[in-house]
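Okay, so here's the structure we're looking at.
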Amino acid sequence: MPRYFKLDGEKYSTDGLSSEGIELVSMLKFTQKKIRTLTNQHALLMKAKNAYISDIKAEVVESRSGLDVGALFTDDAEW
């Protein structure tokens, strides 16, 4: 049963490839999968970094002004 892979938008069959060629296709697929995984991890880490920065900024404002910024945006704050 033939297996397929894509290069530059073209679909190719592994039929006719040497064992070295099939190994190269396997390494290409592994590399592409690893890049997707790392890209997703990068996005997750950037989101965490931005949240930490936001929390630090709120902490700085609170320490300078004495105002609890977090309390301004909670539902349980009493008016």
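The values are calculated or read from the model by the stated rules, or taken from the named source; none is laboratory data. Keep in mind it's a predicted model, so treat the numbers as computed, not measured. Virtual Cβ from ideal backbone geometry, glycine too; neighbours counted across all protein chains shown.
Spot the failing condition for ALA48; the list is (1) over 18 Å from the mean Cα position of the chain (by Cα); (2) free of Cβ contacts under 8 Å to residues at least 12 places away in the same chain; (3) part of a helix (DSSP H, G or I), and only one is missed.
Single failed check for ALA48: (1).
Tell me yes or no: at least one residue of region 52-67 is part of a helix (DSSP H, G or I), out of contact with any Gly (no Cβ under 8 Å at 6 or more places or on another chain) and at pLDDT 95 or above.
Among the residues of region 52-67, at least one is part of a helix (DSSP H, G or I), out of contact with any Gly (no Cβ under 8 Å at 6 or more places or on another chain) and at pLDDT 95 or above, which makes the answer yes.
Of the conditions (1) at pLDDT 95 or above; (2) surrounded by 10 or more Cβ atoms within 10 Å (Cβ to Cβ), GLU20 clears all except one; give me its number.
(2)
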